[in-house]
């Protein structure tokens, strides 16, 4: 019992210490963090709303953080999700992608949405507005297919 008590005290001290050392927040200028992406792919206002509520938090340079992000270890878990999401697709870095990579990223977006892999279930549990209806999924995929066709044309001209 003594070992369990010492382990519990140690874990409590670590947990308290974690509250003072949090990951850096993923936040940038709200007006420009996806401007190049939106200018180039020209999403409708409906698609912009879908992207903002279901995609940008994990796939851009600006995350809307919930209140519970102020509690460790949740803050570390969320930071990991955001970093991993940006590794796969970062709308804020769109202008640095090649035409081929842009086309591929949109292809992956279509596949992930179609298969129900995105947005992640762990995200939609706490962000109810990110749960996409079938109509929203179709709208998003149709827009991405249209944007891909523009990159296919540009890729042929290179």
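Points to keep in mind about this one:
- No other residue among 112, 128 is surrounded by fewer than 15 Cβ atoms within 10 Å (Cβ to Cβ) and within 21 Å of residue 63 (Cβ to Cβ) apart from 128.
- Helices (runs of 4 or more DSSP H) fully within segment 54-158 counting 3 or more residues that are under 11 Å from the mean Cα position of the chain (by Cα) and in contact (Cβ under 8 Å) with a residue 40 or more places away in the chain: 74-88
- Subset of segment 42-53 (residues that are under 13 Å from residue 139 (Cβ atoms), surrounded by fewer than 18 Cβ atoms within 10 Å (Cβ to Cβ) and touching a residue at least 40 places away in the same chain (Cβ under 8 Å)): 44, 46
- Search result, residues across segment 20-41 that are part of a loop (DSSP other than H, G, I, E, B) and exposed (fewer than 13 other Cβ atoms within 10 Å of the Cβ): 20, 21, 24, 27, 29, 30, 31, 32
The numbers here are math on the coordinates, done by the rules we state, and not lab data. On a predicted model such as this, the values are computed, not experimentally measured, just so you know. Because the Cβ atoms are built from the backbone with ideal geometry, glycine has one as well, and the counts that use them run over all protein chains shown.
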